[in-house]
1. State the number of residues belonging to region 187-220 that are surrounded by 19 or more Cβ atoms within 10 Å (Cβ to Cβ), hydroxyl-bearing (Ser, Thr, Tyr) and either at pLDDT 95 or above or over 19 Å from Met263 (Cβ atoms) (or both).
2. Evaluate the following for Asn165: is it in contact with a Gly (Cβ under 8 Å, 6 or more places away or on another chain) and more than 30 Å from Ile366 (Cα to Cα)?
3. Run Pro109 past the list (1) out of contact with any Gly (no Cβ under 7 Å at 6 or more places or on another chain); (2) part of a helix (DSSP H, G or I) and report the number of the one that doesn't hold.
4. Residues to consider are Ile45, Ile40, Ile55, Ile36; find the one that is part of a loop (DSSP other than H, G, I, E, B) and of a type in the set (Val, Ile, Thr).
5. For region 348-391, name all the residues that are modelled with pLDDT under 95, polar (S, T, N, Q) and either over 24 Å from Arg211 (Cβ atoms) or not in a loop (DSSP other than H, G, I, E, B) (or both).
6. Of the residues Thr20, Thr9, which is assigned to a helix (DSSP H, G or I) and without any contact (Cβ under 8 Å) to a residue 40 or more places away in the chain?
Amino acid sequence: MIKYGELSTKKGNINFFINTLYRNIQNKLKKFNTKIYKDISRMYIEFDDKDLDNILKKINTIFGIHEYVVAYKINTDIELIKKTILQILNNEDFDTFKVETKRSDKTFPIPSLEFSKQIGGLILKNIDHSKVDVHNPHLLINIEIRHEYTYIYLNHYKGLGGYPNGTLGHGMLMLSGGIDSPVSGYLALKRGMILDAVYFEAIPHTSIEARNKVIALTKKLVNYTNKIELHIIPFTDIQESIYKNIDPAYCITIMRRMMYRIMEKLAKMKKAQVIVNGESIGQVASQTLTSMNVINNVTNFPVIRPVACLDKLEIIDIAKKIDTYDISILPYEDCCTIFVPKHPIINPNLNDAVKFEESFDYNSLIDEAIKNRIVMDIKEEDEDNKFKDLL
C-alpha cells in the first residue's frame with residue numbers, strides 16, 4: 001500500500017502526479033507479476049509473495065512515495081478480520097502492542113475505537129505475555145476498513161519522498177567524477193526532474209578510467225529514474241587553448257565559463273529548462289560567491305545547485321546512501337582537477353575574464369566540441385559490457 005504524502009498538496013493537478021507515479025511504478029516493476037490499483041489517497045500493488053524482497057528494493061528507488069506498508073487484504077468481515085490478525089501475530093515476536101482502526105466504511109457496525117478495543121482484548125486473550133502500550137508499542141497493528149476489503153498491516157516504511165520523475169521538467173546535470181555532482185543529480189531527480197548528464201573530458205590529460213567513473217556514477221543515478229542520456233564532451237582543445245593563452249590564476253574561471261556556454265547550448269538542443277550542478281559555496285576557488293557570479297554571467301539559463309548550502313560531510317552522507325561515494329573517490333582525475341593552478345583566483349573580476357577570453361576563438365571550439373560529443377543512452381537494465389566499444 002503506497003501513501004502519497006507531499007503529492008496530496010497538489011489539489012487541482014494531483015491526478016497528473018498520481019498518474020505519473022503510477023506509470024513510474026509500472027515501469028520499475030515490469031519484470032514482476034503485479035496488479036497495480038490507484039485512487040486519490042492510496043495506491044495498491046498486488047504481487048507474488050516470492051517477489052516481495054525484490055519489489056521492496058525497487059520501491060525504495062521510486063520518488064513520490066511518502067510511505068508504504070506491506071498489508072494483508074481480506075474481505076470486510078468481522079470474524080475473518082479477527083482470525084487473520086491472530087494468524088499474523090502468531091508469526092511475530094513482540095511484547096507490547098497497540099491497535100489503530102480506520103473505518104472509512106461507515107456501514108461497518110462497530111466504531112473504530114470500539115473495534116480497536118475488541119481486537120486488543122482478543123490479542124491479550126490469545127497471545128501470551130502481550131501487553132497494551134498506547135505510547136511506545138513494540139508492534140503497531142493497523143486496520144483499515146473499506147466497504148469491500150479490509151487491509152491489515154504492522155509496520156510503516158519510509159519512502160524516498162519528493163515528486164515522481166517526469167512531473168517537473170527537464171534538467172542538464174554537469175556530472176564530474178567527484179562526490180558532489182552525483183548527489184546533486186539525485187536531489188534534482190527527487191524534485192521530479194528528468195535528467196541528461198554532461199561530462200567534460202580532456203583526453204589524453206584525463207583517462208578512460210575517469211570516463212568509466214562517470215558512466216558508473218550515471219548507472220547509479222539511473223536506478224532512481226528510467227534512463228539518463230550521458231553526453232561526453234571532448235574538452236581537450238578548449239582546455240589547452242585556455243592554458244596557452246590565459247593567466248593561470250584565471251584558468252579555472254574561464255574553463256567554467258566555457259562549460260556553462262556548452263551547457264546552455266546543449267540545454268536548448270534538448271529542450272531542457274535548467275542546468276544542474278554540484279557547486280557548494282566556498283568549497284573550492286571557483287565556488288566563492290564572487291567566482292560563481294563571474295562564471296554564471298555567460299548564461300541566462302537558470303542554474304540549480306542542490307548542494308550549494310550543504311557542508312561536505314552532509315554531502316558525503318547522501319553519497320554513501322545512494323552508493324556513489326566509493327566510485328567518486330576512485331583516484332582518476334577529471335578536467336576540473338587535473339589542471340588546477342597553484343594559486344587560482346578566488347575573487348575574479350568580470351572585465352578581466354571577458355578580456356582574457358578575447359585572446360582565442362572559443363566559439364568555434366565550443367561548436368566543434370558539441371558536434372563531436374559522444375552520447376550514451378544509459379538505462380537501469382543495461383549490462384556492464386554494453387558500452388565497452390566506447391571505453
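The values are calculated or read from the model by the stated rules, or taken from the named source; none is laboratory data. Only a predicted model underlies this, so the values are computations on that prediction, with no experimental measurement involved. Every residue, glycine as well, gets a Cβ built from its backbone with ideal geometry; the counts of neighbours run over all protein chains shown.
1. 2
2. Values: in contact with a Gly (Cβ under 8 Å, 6 or more places away or on another chain): yes; more than 30 Å from Ile366 (Cα to Cα): yes.
So Asn165 passes the test.
3. The single condition Pro109 does not satisfy is (2).
4. Numbers: Ile45 fails: part of a loop (DSSP other than H, G, I, E, B); Ile55 fails: part of a loop (DSSP other than H, G, I, E, B); Ile36 fails: part of a loop (DSSP other than H, G, I, E, B).
Checking each option against the conditions leaves just Ile40.
5. Listed by number, the list holds a single entry, Ser359.
6. After applying the criteria, what remains is Thr9.
Residues checked against (1) closer than 24 Å to Leu139 by Cβ; (2) within 25 Å of the chain's Cα centre (by Cα):
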site	(1), (2)
Glu6	no, yes
Asn24	no, yes
Thr34	no, yes
Leu56	yes, yes
Thr61	no, yes
Val70	yes, yes
Ile78	yes, no
Thr84	yes, no
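Residue by residue, here is whether (1) within 21 Å of Thr167 (Cβ to Cβ); (2) modelled with pLDDT of 95 or more holds:
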position	(1), (2)
Lys3	yes, no
Gly12	yes, no
Ile25	yes, yes
Phe32	no, yes
Asp51	no, yes
Lys58	yes, yes
Ile62	yes, yes
Ile65	yes, yes
